[in-house]
Amino acid sequence: MASLQQSLKQYFGYDSFRDGQEEIINQALLNRDLLIIMPTGGGKSLCFQLPALLKKGIAIVVSPLISLMQDQVTALQDNGIGATFLNSTLDFQEVRRREQNILSGKIKLLYLAPERLVSERFQDFLNSIVSTIGISFFAMDEAHCISEWGHDFRQEYRQLRQLRFRFPNIPLMALTATATTRVQKDIISQLNLKNPAIHRFSFNRSNLYYEVQPRQKRTYQQVLNLIQHLEGSGIIYCFARKTTEDLASRLREDSISALPYHGGLNDEMRSQYQNSFIRDDVRIMVATVAFGMGINKPDVRFVIHHDLPRNIESYYQESGRAGRDSEPSKCILLYNPNDKYKIDYFIKQKSNLQEQKIAYQQLTKVIEYAETNYCRRIVQLGYFGEKFKGDCDGCDNCLNPKEIEDWTIEAQKFLSCIARVEEKFGIKHIIEILRGSRAEKIYKYGHHLLSTYGIGKDKTSTQWEYLGKSLIYQGLLNQTNDSYRILKLNKESWEILRLKKQVKIAVENNSIEKRLTEFNPKALEIELLLQRLKKLRKTLADKENIAPYVIFGDSTLKIMAQIQPKTLETLSKLSGVTEYKLQKYGDKFLREILAFCHQEILPTNLPNHTQMKTLQLYQQNLTVTEIAKERGLTISTIMSHFAELIELKQPINLDKFVNIEKQKKILNIIHQLGNQPLKVIKDKLGDNYTYDEIRLVKAWQKKINN
């Protein structure tokens, strides 16, 4: 019998197991009951798919969503594995055909919804399976659905408890991405698992980068800028249905393929939109939380939360839909403190006071996550009872730590002002007093006569607001939990005022230089080939009517682009390439790689030191003005660098600086006049064109001609 590693390579193309997988599979082969709590992207599906192929009989997999089971079956079939599903999308003849394949032993994995598995009409066929080919085990995916304490309880899952009594000798395997201790116990109890081996893994998703940005007033422009600087497919989660519709519509107007997804759409439209996203026909899905469990797309490269989620668990689940293939991905939360008032409104609609209390505690934790100055994983993982030391090197706070400054004097001014207004006002009013506002209400209350009036003009309103929130967050100041949000002094506040306690807060570190990364000339070549391989993958996927990732995952294509194999033998050794896929797709991808290596003319001259620094800042998504300020150079000098970089065939996007119509007109004049100085070309074009625009287009033309 082949070793587990050999079987892993044969069926799935991987050279090694992920953490914990091999032990789980060995226990499954020994017919043990299993409870597996493994985070999204950890390789949960392989834990039941590989044992199913190695054991006698057929494995029956319970899956809650039609789309999820269909996607998994398609991926298995494209690996040459006998897998199928039975659900309501199939007509009678197709069901009968698949049942015959099952009873003839052609199928190793059968996916079913819980309702069908326990229905009376299905029992006769189930008995036929047992008597002819046998059932190797039952695998309950998304097992948290069986528990009323889980975050997605489904009543139909409760009926699965029948399996243990009907088939006492067939092993049961329960799998889920998240489960508290209480939910774990409930799963074991409901399924009547016999002395199960319990495998619980860290909730930490090291490939995900977490960031929180203040949500700007011009939120759409902020979202658009993010999308334009992020690669690959993405999900944008919004609180309201209307927001999803509006945002998707505006993105399409800006030539970004996007669709809305929410509970108000009919089933057919939701299914159509979801398939468009999964198959890379649409890049962005703008969705409410209705777009969730069962989205089997491993190559989502970013998730943006337009609004504050209701709790940490929701955020973990939703942001966790990025990077399921373990490739680096980004999770960005746009935070506006006022979002908590919207959530507060819904909490107040709960009739049960205990539920209200729990909801407020959850809201407090997610606000802590958004406002914390230390490692965001400490807050996130702490919610699940997992201790994390920090310094994750994968969140904005760890990668760009804020500087700690002594703001004791400013805090005394702030707290003194609160005392002088008798603790009857909120942050905004206190800031207006400190900054000497001439608003009518300041004069109405006589607050222009206070000694603290105008003593804070040296700080901006934003800085004072940040200080106020820091005091509240550190427990140095209280704030009422109502719509008025009145500030109240506490014991620590008075210690600060009496100089018995210092106040230190974290402030932004404005040094951009430390964020520069080493530029790798080879990276351009790899990226160019990767894009060609992705284009080929999409063409093949469209012909077969499947999702592109089913053919090869992004990680496999990246390895191809880096290694650039020249033979099928070398290609076969890459992770993710099975013998079946090598025969089916190997020649096509090998031809593309060989054609690239023979045809692609890559830059021979590399940027000099000053050009390189400008390029690195550009790759950090800084604007021309920001780059000029950071480098202490004029904007014109920076634009000259861009022109030089374009000529050197470096990845500068001309469209960001000169719109398409202007490019066409400038090129037309250059063709008419020939290689003339910039002034001659500008005189011909007129005042609507700048020297920088002409310089960039000329550089682009030289790059093409060379």
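When residue 413 is tested against the conditions (1) over 26 Å from the mean Cα position of the chain (by Cα); (2) surrounded by 14 or more Cβ atoms within 10 Å (Cβ to Cβ); (3) part of a strand (DSSP E or B); (4) not small (Gly, Ala, Ser), the lone failure is (3).
Provide a single number: the residues in region 667-706 that are among the hydrophobic types (A, V, I, L, M, F, W, C) and farther than 21 Å from residue 637 by Cβ. Result for region 667-706: 7.
With respect to (1) over 17 Å from residue 137 (Cβ atoms); (2) free of Cβ contacts under 8 Å to residues at least 12 places away in the same chain, the lone exception for residue 116 is condition (2). Applying the set (1) in contact with a Lys or Arg (Cβ under 9 Å, 6 or more places away or on another chain); (2) in a helix (DSSP H, G or I); (3) at pLDDT below 90 to residue 601 leaves exactly one unmet item: (2). Using the structure shown, decide if residue 117 is among the hydrophobic types (A, V, I, L, M, F, W, C) and at pLDDT 95 or above. Taking the combined requirement at face value, the residue does not satisfy it.
Only one of the listed residues (613, 656) is farther than 30 Å from residue 551 by Cβ and without any contact (Cβ under 8 Å) to a residue 12 or more places away in the chain. That residue is 656. If you check 619, 562, 611 for being surrounded by fewer than 19 Cβ atoms within 10 Å (Cβ to Cβ) and over 28 Å from residue 300 (Cβ atoms), only one passes: 611. Just one residue in the set 649, 702, 665 is in contact (Cβ under 8 Å) with a residue 12 or more places away in the chain, under 21 Å from residue 608 (Cβ atoms) and not in a loop (DSSP other than H, G, I, E, B); that residue is 702. The single residue among 304, 284 that is among the β-branched types (Val, Ile, Thr) and in contact with a Gly (Cβ under 6 Å, 6 or more places away or on another chain) turns out to be 284. Scanning region 379-406 for residues that are surrounded by fewer than 17 Cβ atoms within 10 Å (Cβ to Cβ), small (Gly, Ala, Ser) and not in a helix (DSSP H, G or I) turns up 385, 390.
Residue by residue, here is whether (1) modelled with pLDDT of 95 or more; (2) part of a helix (DSSP H, G or I) holds:
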| site | (1), (2) |
| --- | --- |
| 429 | yes, yes |
| 448 | no, yes |
| 459 | no, no |
| 471 | no, yes |
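The set of residues in region 34-56 being of a type in the set (Lys, Arg) and over 18 Å from residue 69 (Cβ atoms) consists of 55, 56.
Condition check ((1) in the same structural domain as residue 537 (by TED's automatic domain parsing); (2) of a type in the set (Ser, Thr, Tyr)) across all residues:
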{"residue": "588", "(1), (2)": "yes, no"}
{"residue": "592", "(1), (2)": "yes, no"}
{"residue": "618", "(1), (2)": "no, yes"}
{"residue": "645", "(1), (2)": "no, no"}
{"residue": "655", "(1), (2)": "no, no"}
{"residue": "669", "(1), (2)": "no, no"}
{"residue": "676", "(1), (2)": "no, no"}
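Within region 223-251, the set of residues being more than 27 Å from residue 655 (Cα to Cα) and surrounded by fewer than 21 Cβ atoms within 10 Å (Cβ to Cβ) comprises 239, 240, 241, 242, 243, 245. Quick check on this structure: which one of 240, 248 is among the aliphatic types (A, V, I, L, M), over 19 Å from the mean Cα position of the chain (by Cα) and over 22 Å from residue 376 (Cα atoms)? The match here is 240. Among the residues of region 494-518, which ones are surrounded by 11 or more Cβ atoms within 10 Å (Cβ to Cβ), modelled with pLDDT of 50 or more and outside any strand (DSSP E or B)? Matches in region 494-518: 494, 495, 496, 497, 501, 502, 503, 509.
Table: residues versus (1) aliphatic (A, V, I, L, M); (2) assigned to a loop (DSSP other than H, G, I, E, B).
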site: 575; (1), (2): no, yes
site: 593; (1), (2): yes, no
site: 610; (1), (2): no, no
site: 616; (1), (2): no, no
site: 629; (1), (2): no, no
site: 671; (1), (2): no, no
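Any idea which of 433, 409, 472, 418 is out of contact with any Gly (no Cβ under 7 Å at 6 or more places or on another chain), closer than 25 Å to residue 343 by Cα and among the aliphatic types (A, V, I, L, M)? On inspection, the qualifying residue turns out to be 472.
Please find, within region 428-459, the residue that is surrounded by the most Cβ atoms within 10 Å (Cβ to Cβ) out of those that are more than 22 Å from residue 409 (Cβ to Cβ) and hydroxyl-bearing (Ser, Thr, Tyr). Per the criteria, the residue is 445. Can you name the residue in region 46-59 that is buried (at least 22 other Cβ atoms within 10 Å of the Cβ) and hydrophobic (A, V, I, L, M, F, W, C) and is also farthest from residue 23 (Cα to Cα) among such residues? Filtering first and then ranking leaves 58. Taking region 19-44 as the range and being free of Cβ contacts under 8 Å to residues at least 40 places away in the same chain and not in a helix (DSSP H, G or I) as the test, the residues that pass are 30, 43.
Per-residue answers, yes or no, for (1) in contact with a helix residue (DSSP H, G or I) (Cβ under 9 Å, 6 or more places away or on another chain); (2) surrounded by 19 or more Cβ atoms within 10 Å (Cβ to Cβ):
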residue: 172; (1), (2): yes, yes
residue: 178; (1), (2): yes, yes
residue: 195; (1), (2): no, no
residue: 216; (1), (2): yes, no
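Of everything listed in (1) in the same structural domain as residue 318 (by TED's automatic domain parsing); (2) touching a helix residue (DSSP H, G or I) at 6+ places or on another chain (Cβ under 7 Å), the single unmet condition for residue 421 is (1). Residues in region 546-571 that are polar (S, T, N, Q) and either in contact with a helix residue (DSSP H, G or I) (Cβ under 7 Å, 6 or more places away or on another chain) or free of Cβ contacts under 8 Å to residues at least 60 places away in the same chain (or both): 562, 564, 567, 570. Restricting attention to region 54-76 and to residues that are aliphatic (A, V, I, L, M) and outside any helix (DSSP H, G or I), the residue that is farthest from the chain's Cα centre (by Cα) turns out to be 58.
The values are calculated or read from the model by the stated rules, or taken from the named source; none is laboratory data. From a predicted model like this one, the values you see are computed outputs, not experimental measurements. When we count neighbours, we look across all protein chains shown, and the Cβ atoms used for this are built from the backbone with ideal geometry, even at glycine.
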